[in-house]
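Here the structure is laid out as structure tokens; the discussion comes afterwards.
The values are calculated or read from the model by the stated rules, or taken from the named source; none is laboratory data. None of the values given here were measured: they were computed from a predicted structure. Neighbour counts run over all protein chains shown; Cβ positions are idealised from the backbone, glycine included. With ligands, DNA and RNA removed, areas are computed over all heavy atoms of the protein, side chains included. Shrake-Rupley method; radii C 1.70, N 1.55, O 1.52, S 1.80 Å.
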Amino acid sequence: DAGVTQSPTHLIKTRGQQVTLRCSPKSGHDTVSWYQQALGQGPQFIFQYYEEEERQRGNFPDRFSGHQFPNYSSELNVNALLLGDSALYLCASSFGTVWEQYFGPGTRLTVT
Amino acid sequence: AQSVAQPEDQVNVAEGNPLTVKCTYSVSGNPYLFWYVQYPNRGLQFLLKYITGDNLVKGSYGFEAEFNKSQTSFHLKKPSALVSDSALYFCAVRDNNAGNMLTFGGGTRLMVKP
């Protein structure tokens, strides 16, 4: 049973560019959440998708947007990258919105 | 607003000794509480959760946690630490009155010495 997968593993971008990160949920899961983990900190909630809609959003600017596809996979898009966007981006999936979330290995984004 | 505090940046313990990693939380409604572990350059692995019921929750790899409502705590414990338990541990809370987002603590690094 494949767990949560994310691509790419690492990414280097320049300030002002745009980036798209991808996530495939664990088999049987229909809810995807995205988190940003800066170095030395705990993950911060970005947003959650369920039934192809953004259900809840954390304290992140509109530069951060997402999408969920009919097969439950998801994308995170970040526009106008800033140096401060450098972080590990984690995707988590769950069955419904109530139960424990299972995390992928993350995408390490470096903005130069 | 919901919040989590992990008061210790690092916990050091000798192999074979019991370990405790502390967590306190603040929510307006009833809490759903979780512990996750993170190994270097890896995502988070789920260890255990408290939703309702028995205050002592047993999880993966011999870990357990005790929910204490009066002290708003959810400390992670293990009777006998292993060197392989050395990792970064995160406590997280979900307030069932505030949607589905998880709020994480800042993490506690556990170092188990042989």
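For segment A:77-104, name all the residues that are within 14 Å of chain B (Cβ to nearest Cβ), touching a residue at least 40 places away in the same chain (Cβ under 8 Å) and out of contact with any Lys or Arg (no Cβ under 6 Å at 6 or more places or on another chain).
Step one: list which residues in segment A:77-104 are within 14 Å of chain B (Cβ to nearest Cβ), which gives A:87-104.
Then drop every residue that is not touching a residue at least 40 places away in the same chain (Cβ under 8 Å), which leaves A:87-97, A:101-104.
A:Ala87, A:Tyr89, A:Leu90, A:Cys91, A:Ala92, A:Ser94, A:Phe95, A:Gly96, A:Thr97, A:Gln101, A:Phe103, A:Gly104, listed by residue number.
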How many residues, within segment A:3-28, are closer than 18 Å to A:Ala80 by Cα and in contact with a Phe, Trp or Tyr (Cβ under 6 Å, 6 or more places away or on another chain)? 1
Pull up segment B:75-100, narrow it to residues that are over 21 Å from B:Asn17 (Cβ atoms) and free of Cβ contacts under 8 Å to residues at least 60 places away in the same chain, then point me to the one that is farthest from the chain's Cα centre (by Cα). B:Gly99
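Given the criterion crowded, with 22+ Cβ neighbours inside 10 Å, of a type outside the set (Gly, Ala, Ser) and farther than 16 Å from A:Arg108 by Cα, identify the matching residue among A:Gln56, A:Gln68.
A:Gln68
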Note on B:Ser28: of the conditions (1) at negative phi; (2) within 11 Å of the chain's Cα centre (by Cα); (3) in contact (Cβ under 8 Å) with a residue 12 or more places away in the chain, unmet is (2)
Of the criteria (1) over 23 Å from A:Gly106 (Cβ atoms); (2) among the small types (Gly, Ala, Ser); (3) buried (at least 16 other Cβ atoms within 10 Å of the Cβ), which one B:Gly62 fails: (3)
Residue list for segment A:28-48, filter: without any contact (Cβ under 8 Å) to a residue 40 or more places away in the chain, more than 15 Å from B:Tyr39 (Cα to Cα) and either open to solvent by 10 Å² or more (accessible area, probe 1.4 Å) or at the interface with another protein chain (Cβ under 7 Å from one of its Cβ atoms) (or both): A:Gln44, A:Phe45
Every residue from segment B:48-59 that is within 10 Å of chain A (Cβ to nearest Cβ), part of a strand (DSSP E or B) and open to solvent by 30 Å² or more (accessible area, probe 1.4 Å): B:Lys49
Could you list, in sequence order, the residues of segment B:67-99 that are open to solvent by 30 Å² or more (accessible area, probe 1.4 Å), in a strand (DSSP E or B) and over 28 Å from B:Pro40 (Cβ atoms)? B:Asn68
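Please specify each residue of segment A:77-102 satisfying the condition of being aromatic (Phe, Trp, Tyr) and modelled with pLDDT under 95.
Within segment A:77-102, the subset aromatic (Phe, Trp, Tyr) is A:89, A:95, A:99, A:102.
Result: A:Phe95, A:Trp99, A:Tyr102.
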Could you tell me whether segment A:57-76 includes any residue that is within 14 Å of chain B (Cβ to nearest Cβ), part of a strand (DSSP E or B) and at pLDDT below 95? yes
Which numbered condition trips up B:Asn30, out of (1) within 14 Å of chain A (Cβ to nearest Cβ); (2) over 22 Å from A:Ala87 (Cβ atoms); (3) in contact with a Leu (Cβ under 9 Å, 6 or more places away or on another chain); (4) modelled with pLDDT under 95? (3)
Residues being open to solvent by 60 Å² or more (accessible area, probe 1.4 Å), in a strand (DSSP E or B) and more than 29 Å from A:Gly3 (Cβ to Cβ) - total across segment B:2-32: 1
Do you know which of the residues in segment A:71-83 that are in contact with a Cys (Cβ under 9 Å, 6 or more places away or on another chain) and within 21 Å of A:Lys13 (Cα to Cα) is most open to solvent (accessible area, probe 1.4 Å)? A:Glu75
Taking the criterion of being assigned to a strand (DSSP E or B) and more than 13 Å from chain A (Cβ to nearest Cβ), would at least one residue in segment B:33-47 satisfy it? no
